[in-house]
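Participant: Once you've had a glance at the structure underneath, I'll fire off some questions.
What follows is calculated from the coordinates using simple rules that are stated; it is not laboratory data. Just so it is clear, the structure is predicted and the values come from calculations on it, not from any experiment. Note that we place each Cβ from the backbone using ideal geometry, even for glycine, and neighbour counts take in every protein chain shown.
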Amino acid sequence: MSNILVVGAGVVGQATGFGLIDHGHDVTFVDVSEETVERLLSQNYQAVLVGDANLHNCDVVFVSVTALTNDSGIDLSHLLNATDALGHKLQGLDSGYPVIVYRCTMIPGTVRNLLAPRLEAASGKLAGESFGIVYNPEYLRAASAREDFLHPRIVTLASFEQDDRAHKTIYAIMSDFGTSMHWMPFEVAEYQKYVNNVGNAVKISTYNWFRTLGVRIGLEQGQIDKAFELSALSAEGLWNGSYGTKNFGPYDGACLPKDTKALRCFSESLGIDTSLLDSVQQVNRAYGGA
C-alpha cells in the first residue's frame with residue numbers, strides 16, 4: 001500500500017483517487033475549494049486544502065489539475081501554481097523519495113523543460129535525486145471517468161529513464177490494474193496524448209459532417225446510423241489500427257483522391273460547407289498527393 005496525495009479533486013482527480021482507494025492505497029485529496037474538501041470529508045474520504053497538505057511519509061502525488069485553453073493556446077496557470085506549491089513542500093523534506101505524477105494534457109516538452117525545472121527551483125532539490133517525476137496521461141471520459149480509471153485500456157508512463165526509480169514506483173501501482181503498460185520519454189507521451197484527444201476530435205467532426213450530408217440528401221436517422229455502423233467494418237482506417245500511420249506520405253490509390261474530390265464537388269453543389277474536405281485535400285497535397 002502506498003501513501004498517495006491527489007492534487008485537484010475534480011472529475012479526473014476523484015476518479016484517480018477513488019480507483020487507487022479501491023486498490024488498497026491510502027489516499028488524501030487536496031484541493032483549493034473548501035466546498036470540495038468538505039464534501040469529500042462528509043463522504044468519509046481524507047481531504048485537505050492545499051495549504052494543509054503534507055508530503056511527509058508521502059510516496060506519490062498525482063497532480064490532476066487541469067490545463068485550460070485561452071486565446072493564446074494552453075493555459076498552464078493552475079498547473080504551475082500546483083507545481084510551485086509542491087516544490088515548496090518538497091523543500092522541507094529531509095527523507096523519502098516522493099514521485100510527482102502529472103496527468104493532464106500538455107504541449108510536448110512541458111514536463112522536461114518547464115515543470116521539472118520549476119519543481120527543482122522551488123524545492124532547492126534535484127529531480128531524480130530527492131524526488132521523482134512521471135507523466136501518466138489520463139484517457140478518461142467525463143461520463144465514465146471512475147470506471148475508465150478502474151479498467152484502463154492502456155497505461156502510459158513517461159519518466160527521465162525507463163526503469164528509473166520513479167518509473168518503477170508508479171509501474172508497481174498501475175500494473176495492478178491489469179492492462180498493458182507502455183513507457184515513453186516525456187515528449188513522446190505528451191505528443192501521444194494529443195494524437196489520442198485530437199484524433200478523437202477529428203473523427204467526431206468528420207462524422208458530424210457526414211451526418212449533415214446524410215440529412216441533406218434525405219436519409220433517415222436509422223439509415224445514417226447503419227451507414228456508420230457498416231463503415232466501422234468496411235473502412236480499413238476504422239478497423240486497422242496501423243492504417244495510415246506507417247509513413248508520412250499522402251493518401252493514395254485509385255479511390256481516395258478521386259472520391260474525396262467528387263464528394264467535395266457534390267456537397268458544394270448542395271450548399272454544404274466543404275471546408276473539412278478542402279482541408280483534407282490541402283493536407284494531402286502538402287505531402288505530395290493528388
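Participant: What list of ³J(HN,Hα) values in whole Hz, one per residue of segment 62-68 in order, does the Karplus curve 6.51 cos²θ - 1.76 cosθ + 1.60 (θ = phi - 60°) give from phi, with Gly and Pro shown as x?
Facilitator: Calculated HN-Hα couplings, in order: 8, 8, 10, 6, 8, 9, 7 Hz.
Participant: Could you list which residues have their amide H under 5 Å from that of residue 75, counting only those 5 or more apart in sequence or on another chain, with H placed in the peptide plane?
Facilitator: 68, 69, 70
Participant: Could I ask something else about it? Kindly write out, for segment 252-260 in residue order, the coupling ³J(HN,Hα) from the Karplus curve 6.51 cos²θ - 1.76 cosθ + 1.60 (θ = phi - 60°), rounded to whole Hz, with x marking Gly and Pro.
Facilitator: 8, x, 6, 9, 4, x, 5, 6, 5
Participant: In addition: Which percent, to the nearest 5, of DSSP beta bridges fully inside the chain are antiparallel?
Facilitator: Antiparallel bridges: around 15 percent, rounded to the nearest 5.
Participant: Too long at a 25 Å Cα-Cα cut-off: which of 203/226; 193/226; 125/168; 125/193; 193/261; 89/193?
Facilitator: Where the Cα-Cα span goes over 25 Å, the pairs concerned are 193/226; 125/193; 193/261; 89/193.
Participant: As a test, work out the antiparallel percent of DSSP beta bridges whose residues both lie in segment 93-193, rounded to the nearest 5.
Facilitator: So the antiparallel bridges amount to about 10 percent of the total.
Participant: Now, a different point. For segment 39-181, report the translational diffusion coefficient in µm²/s to the nearest whole number, using Stokes-Einstein at 4 °C, 1.567 mPa s, and a Kirkwood Rh over Cα pairs. Could you put the intermediate results ahead of the total?
Facilitator: Numbers: Rh = 16.2 Å.
Diffusion coefficient, whole number: 80 µm²/s.
Participant: Which is farthest toward the positive dipole end of the chain among 227, 155, 29, measuring Cα position about the Cα centre, with Cβ charges +1 (Lys, Arg) and -1 (Asp, Glu)?
Facilitator: With unit charges placed on the Cβ atoms, the residue in question is 227.
Participant: Spin-label point model (7 Å from Cα, Cβ direction): what's the residue 286 to residue 231 distance in nm?
Facilitator: Those two pseudo-labels are separated by 2.3 nm.
Participant: Can you compute the charge dipole magnitude of segment 118-243 about its Cα centre, using +1 on each Lys and Arg Cβ and -1 on each Asp and Glu Cβ, nothing else charged? Give it in debye, rounded to the nearest 20.
Facilitator: 360
Participant: Given a cut-off of 15 Å, what percent of all Cα-Cα pairs of segment 201-286 lie beyond it?
Facilitator: That fraction is 66 percent.
Participant: Let me ask another. Give me 217, 272, 4 ranked fewest to most by other Cβ atoms within 10 Å of their Cβ, as a rough exposure proxy.
Facilitator: Sorted ascending by nearby Cβ count, the order is 217, 272, 4.
Participant: Averaging sequence separations of C-alpha pairs under 8 Å and six or more residues apart, then dividing by the length of the chain, give the relative contact order as a whole percent.
Facilitator: Here the relative contact order equals 12 percent.
Participant: Taking the mean number of other Cβ atoms within 10 Å as a proxy for protection, how do you rank 260-271, 88-99, 58-69 from highest to lowest?
Facilitator: Values: 260-271: 13.4, 88-99: 15.6, 58-69: 20.5.
Highest mean packing first, the order is 58-69, 88-99, 260-271.
Participant: Amide H to amide H under 5 Å from residue 132: which residues, 5+ apart in sequence or cross-chain, H placed 1.01 Å off N in plane?
Facilitator: Here the answer is 99, 100, since their amide H atoms fall under 5 Å of that of residue 132.
Participant: How many percent of Cα pairs in segment 4-75 exceed 15 Å?
Facilitator: Working: 1339 of 2556 pairs.
In whole percent, the share of Cα-Cα pairs in segment 4-75 beyond 15 Å is 52.
Participant: Sticking with this one: Could you tell me what fraction of 2.2 N^0.38 Å the Cα radius of gyration of the chain comes to, as a two-decimal ratio?
Facilitator: 1.21
Participant: Right, here's the next one. Let me have the relative contact order for segment 16-149, percent, based on Cα pairs under 8 Å that are six or more residues apart. Numbers along the way, then the final one.
Facilitator: Values: 171 pairs, mean separation 29.2, N = 134.
Computed value for segment 16-149: 22 percent relative contact order.
Participant: Which of 191, 124, 271 sits closest to the plus end of the dipole of the chain, meaning its Cα is farthest towards the positive end, when Lys and Arg get +1 and Asp and Glu get -1 on the C-beta?
Facilitator: 271
Participant: Given points 7 Å out from each Cα along the Cα-Cβ axis, report the residue 21 to residue 238 separation in nanometres with one decimal.
Facilitator: My value for the distance between the label points is 4.0 nm.
Participant: Using the reciprocal of the averaged 1/r over all distinct C-alpha pairs, how large is the Kirkwood radius of segment 150-214 in Å? Each step should come with its number before you reach the end.
Facilitator: Numbers: mean 1/r = 0.0723 Å⁻¹.
About 13.8 Å, per the Kirkwood formula over Cα pairs.
Participant: Might you report the magnitude of the Cβ-based charge dipole of the chain about its Cα centre, with Lys and Arg at +1 and Asp and Glu at -1, to the nearest 20 debye?
Facilitator: Around 880 debye, computed over the chain.
Participant: Can you give me the C-alpha center-to-center distance between segment 214-290 and segment 103-164, rounded to a whole angstrom?
Facilitator: Cα centroid of segment 214-290 versus Cα centroid of segment 103-164: 36 Å apart.
Participant: Sequence-distant or interchain residues sharing an amide H contact under 5 Å with residue 184, placed H: which?
Facilitator: Hits under the 5 Å cutoff: 157, 158, 159.
Participant: Using helices alone, what [θ] at 222 nm do you get for the chain, with -39,500 (n - 2.57) per DSSP H run of 4 or more residues, divided over all residues and rounded to the nearest 500? Before the final figure, lay out the partial values.
Facilitator: Working: 11 runs with 135 residues, N = 290.
Estimated from H runs of four or more residues: -14500 deg cm²/dmol.
Participant: May I pose another question? What spacing in nm lies between the two simple spin-label points modelled at residue 142 and residue 81, each 7 Å away from Cα in the Cβ direction?
Facilitator: For the pair residue 142/residue 81, the computed spacing is 2.0 nm.
Participant: Determine the principal axes of the Cα atoms in segment 145-278, then give the extent along each, sorted from largest to smallest and rounded to whole angstroms.
Facilitator: So the extents along the principal axes, rounded to whole Å, are 61, 34, 24.
Participant: Just to check I understand the Karplus step: with θ = phi - 60° and J = 6.51 cos²θ - 1.76 cosθ + 1.60, what whole-Hz values come out for segment 272-288, glycine and proline as x?
Facilitator: Coupling constants for segment 272-288: 8, 4, 10, 4, 5, 5, 4, 5, 4, 5, 5, 5, 5, 5, 4, 9, x Hz.
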